1. Arrange B:Val48, B:Val242 by Cβ neighbour counts within 10 Å, fewest through most, would you?
2. With point charges of +1 on the Cβ of Lys and Arg and -1 on the Cβ of Asp and Glu, referenced to the Cα centre of the protein assembly as shown, which listed residue (B:Gly16, A:Ala101, B:Phe67) lies farthest in the positive direction of the dipole?
3. Can you run phi through the Karplus equation (6.51, -1.76, 1.60; θ = phi - 60°) for the range B:79-85 and list ³J(HN,Hα) in whole Hz, with x for Gly and Pro?
4. Taking only C-alpha pairs under 8 Å that are 6+ residues apart, what is the relative contact order of chain B in percent?
5. For the protein assembly as shown, what does -39500 (n - 2.57) per DSSP helix run (n ≥ 4), summed and divided by total residues, give at 222 nm, in deg cm²/dmol to the nearest 500?
6. Tabulate in residue order the Karplus-calculated ³J(HN,Hα) for the range A:85-101, using 6.51 cos²θ - 1.76 cosθ + 1.60 with θ = phi - 60°, rounded to whole Hz; enter x for Gly and Pro.
7. Taking each pair of distinct Cα atoms in the range B:1-106 once, what is the resulting Kirkwood hydrodynamic radius in Å?
8. Note down the relative contact order for the range B:143-245 as a percent, whole number, built from C-alpha pairs under 8 angstrom at least six residues apart.
Amino acid sequence: MSEYVKEITQGDFEAEVAKSTLPVVLDFFSTECPPCEALAPKFDAVAEQFAGKARFLKIFRQGNKDLASRLGVTGSPTLIFFKGGTERGERMSGDDIKRTAIKAQVESLLGA
Amino acid sequence: MAEKFDVIIVGAGPAGLSAAIYASRARLRTLVLDESVPGGQMKTTHKVSNYPGFPEDVKGTDLAKAFSTQAERFGAKIRRAVEITAHDLSGALKTFELDEEDHVEAPAVIIATGAKPRELGVPGESKYRGRGISYCATCDGAYFDGKEIHVIGGGNSAVEESLFLTQFAKKVTIIHQFDHFQAEPVSAAEALANPKIEVIWDSEPRAFLGENQLDKLRIENVKTKEVRELSTDGVFVFVGYVPRTDLVKGVVKMNQWGYVETGEDMSTDLPGVYVAGDIRSKRFRQITTAVADGTIAALAVQKFVKDHKQAA
């Protein structure tokens, strides 16, 4: 995992996501999930591009079931975008999340 | 400056990786591009029972790793999680822009992008994707520990993945449009004998319903036309595949279902462009047939590249 991505647990959600002053991209991942493995380097690369402007967090679904079910996440990987503590834009899920699509959505969060 | 290769293979499933093994052993400078990690559909198949050479079931992820390790051993370069942001296949040199920054080129390409799970096209499907609807049992099965779920489909994937899902779910109800499975008899019999699996025959999904998350599924019996709603914790969709032809759409000849037409040597009607695997117009799509296509394409490309070098 790159230095631009931080792994959190559900106990950190309030401080790291809900109260974040920067936009947040939260990645729910699982083990035995090839699409998650495929997303990781793309997520790292976009995180680096937006260093200091948006925060890129990941959370291990198996260890954080309560938060996953509270947010209604039932698939890995799932990317959720937040600004000012509220969810914004479309979630991205499954095996064909493109680097350019993540970038575009973060840019629109920064612009809005 | 573009980095030069003899052949660029797009897609690291069994077809692409077999092509890479043959091409790299023939000392062609070989680049394999994949938007994900290597393995194609194999990597999300929980077990493979019909690939020769493995007397016991092999996990799809393990088979995928073995394929890619073998290709890399002979010098093929595999770029993982890469996005093709621009490409041109029309000239004598085929060019690709990767992740908006790198450029690569080669006189020959083998497009082995395969197929992806077909979506049902039923209202609510995209809304609840990742919120109750899934297309990958190995990825998402554990989310449904102790839950009651539904599987749509009745072919090999639907039946075998339903069996896998019984490890987690309390109950798996398969909804199938016909009155019998299309899956191989061995798996079909195993599913019918499994106490956690129930089947609703002759029925198709009509809508996915819920508030923030999927909680109901509307189905119609295609014979009686009876419509009813079922409560569900989650739905897995396995209703076949559609070819991934974005790179070659409008550039090479395709059949009426969008699969690419090839000669016996996997060549398309565009010189230097070959295709292999599930993307190809053919009757049977298996790991073994993908491997055969990839082999043939790589052998044909060797000859093509040699002629290209002589002409240059």
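Read the figures in this text as sums done on the coordinates, not as results from a lab. Only a predicted model underlies this, so the values are computations on that prediction, with no experimental measurement involved. Reconstructed Cβ throughout: ideal geometry from the backbone, glycine too, with neighbour counts over all protein chains shown.
1. On the way: B:Val48 17, B:Val242 14.
Ordered from fewest to most neighbouring Cβ atoms within 10 Å, B:Val48, B:Val242 come out as B:Val242, B:Val48.
2. Towards the positive end, the residue furthest out is B:Gly16.
3. 9, 8, 6, 9, 10, 7, 9
4. Details: 714 pairs, mean separation 63.7, N = 312.
Reported as a whole number, the value is 20 percent.
5. Working: 9 runs with 109 residues, N = 424.
The helix-only estimate for the protein assembly as shown comes to -8000 deg cm²/dmol at 222 nm.
6. Computed from phi, the couplings for the range A:85-101 are x, 10, 5, 10, x, 7, 6, 10, 8, x, 9, 10, 7, 9, 4, 5, 6 Hz.
7. 14.3 Å
8. Details: 215 pairs, mean separation 31.2, N = 103.
Value for the range B:143-245: 30 percent.
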